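The values are calculated or read from the model by the stated rules, or taken from the named source; none is laboratory data. These numbers come from a predicted model, not from an experiment. Cβ coordinates were reconstructed from backbone atoms using ideal geometry, including for glycine residues, and neighbour counts include every protein chain displayed.
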């Protein structure tokens, strides 16, 4: 009887461990209907991947057909390689592994996590009853070991460049290399990370979870409030938390965990959307905050990134009725802005300020700037509508002067490009002898009154308009040097002494 039991156990062991060489992986994927979408969409058109199936030791993760119907992945020819690893991993071995390298080392790792008895590859769940198909690359004993696992989602590294194994900091610096769309920018948070010298946290070779707020959720007030502790509160150390394998309402300590500020974070789904929920304690008291996860589960070589709608740990400020009025109300009520306001009324440009759900950054020259040009018998070269359009930025969040200075620094004191109503605007914003200056078209314009906050944006009052002039009695003569000579003399001396003046500026 004991011998019979032993034989049964050995047979069962052989069935589960020894290669089941009924079909090679290539034959199975090509011939069987559960793998049709995988084969036609991302495998069949890649000759190199098919060769690897014939000759290499592999673990391959195959999304079931239904996964392709709800996937937002871009089906590039190299996407197949993010579903392959040269490491041979059965389910038992995956249970003891934290990450795998794909066959293309430039890709982020394949992060492995577990929840109860389920195994996840990034955010894709392995379907155990369809997995652990063990075979060899060729029939007979000469082939190399291979194993197939079926998953419920398409794996997507998201990154499109050949940048080698990008970190969370690489993501911050070059988000345009990822398939996220032009509107997804994070320059405000990057600037604060650089200012606080916390780049090392986003470069650490460890498995962290990073929450990065989009620029659209950082207004001038929130930008000002982001400090070292707030940035620490956006990182969960030593856990790589994708949304599906992470249980809801389980608190994880962030890096902000000292006596000054203590922040714990958890995932929570509400109304079909995923949020990151935070609890913060400090000398100021304690509170709760939420931020929607806009783009989840972006793998990087040191963890996972989640793009969120707004920064964590910053509470909303309650605006008072005064002086917070709308941009149009501010323009109409300030006699020092009459020229620009009347110009907008005459052209119909001011109607744009009545539209809802828009955020404005408006550079408004004061009336004295126009008086100076009239006294010198000058007139603008451009039409009024073109001038107005150049001075107005419409964005999801307004730009404070401090933000513009920070962006200039982050761009190594070269022009930053902002999208105005009239097209791209290239400027620098600098602090010179305690005052703010805007450099446009090789001219330096003093910002007389920065950051006049309004309910739908911010106004910056300029000493001169961003336009060229000509004498009324001449066909075309730019006389910007005369209009701006009061500032140019001071600035040229300052830059000459500091060694910052270029030959272009001198000319």
Inset, instruction - Give 175, 201 a once-over and let me know the one that is more than 29 Å from residue 457 (Cβ to Cβ), surrounded by 18 or more Cβ atoms within 10 Å (Cβ to Cβ) and without any contact (Cβ under 8 Å) to a residue 60 or more places away in the chain. - result: 201
Inset, instruction - Give the residues of region 48-69 that are within 17 Å of residue 34 (Cβ to Cβ) and assigned to a loop (DSSP other than H, G, I, E, B), sorted by residue number. - result: 64
Inset, instruction - State all residues of region 16-39 that are more than 21 Å from residue 85 (Cβ to Cβ), modelled with pLDDT of 85 or more and assigned to a loop (DSSP other than H, G, I, E, B); if no residue qualifies, say none. - result: 32
Inset, instruction - Say whether the condition of being farther than 17 Å from residue 406 by Cα and either in contact with a helix residue (DSSP H, G or I) (Cβ under 8 Å, 6 or more places away or on another chain) or free of Cβ contacts under 8 Å to residues at least 60 places away in the same chain (or both) is met by at least one residue in region 190-197. - result: no
Legend entry - Residue count for region 351-399, restricted to those that are assigned to a helix (DSSP H, G or I), touching a strand residue (DSSP E or B) at 6+ places or on another chain (Cβ under 8 Å) and modelled with pLDDT of 90 or more: 5
Inset, instruction - Scan region 173-189 for residues that are on the phi < 0 side of the Ramachandran plot and either part of a loop (DSSP other than H, G, I, E, B) or modelled with pLDDT of 95 or more (or both) and report the count. - result: 9
Inset, instruction - Return the only residue of 364, 325 being buried (at least 21 other Cβ atoms within 10 Å of the Cβ) and over 30 Å from residue 205 (Cα atoms). - result: 364
Inset, instruction - Scan region 436-470 for residues that are part of a strand (DSSP E or B) and at positive phi and report the count. - result: 2
Legend entry - The listed residue being crowded, with 21+ Cβ neighbours inside 10 Å, touching a residue at least 24 places away in the same chain (Cβ under 8 Å) and within 17 Å of residue 456 (Cα to Cα), out of 404, 388, 392: 392
Inset, instruction - Counting only residues that are touching a helix residue (DSSP H, G or I) at 6+ places or on another chain (Cβ under 8 Å) and buried (at least 18 other Cβ atoms within 10 Å of the Cβ), give me the strands (runs of 3 or more DSSP E) lying completely in region 251-298 with at least 2 of them. - result: 252-257, 261-270
Inset, instruction - For region 70-85, name all the residues that are in a loop (DSSP other than H, G, I, E, B) and surrounded by fewer than 19 Cβ atoms within 10 Å (Cβ to Cβ). - result: 70, 71, 72, 74, 75, 76
Inset, instruction - Name the residue, out of 155, 148, that is surrounded by 18 or more Cβ atoms within 10 Å (Cβ to Cβ), in a loop (DSSP other than H, G, I, E, B) and touching a helix residue (DSSP H, G or I) at 6+ places or on another chain (Cβ under 9 Å). - result: 155
Legend entry - Total residues in region 86-118, condition over 16 Å from residue 208 (Cα atoms) and assigned to a loop (DSSP other than H, G, I, E, B): 17
Legend entry - Check on residue 119, surrounded by fewer than 18 Cβ atoms within 10 Å (Cβ to Cβ) and touching a residue at least 12 places away in the same chain (Cβ under 8 Å): no
Inset, instruction - Please indicate, with yes or no, whether at least one residue in region 479-491 is in a loop (DSSP other than H, G, I, E, B), surrounded by 15 or more Cβ atoms within 10 Å (Cβ to Cβ), at pLDDT 90 or above and touching a strand residue (DSSP E or B) at 6+ places or on another chain (Cβ under 6 Å). - result: no
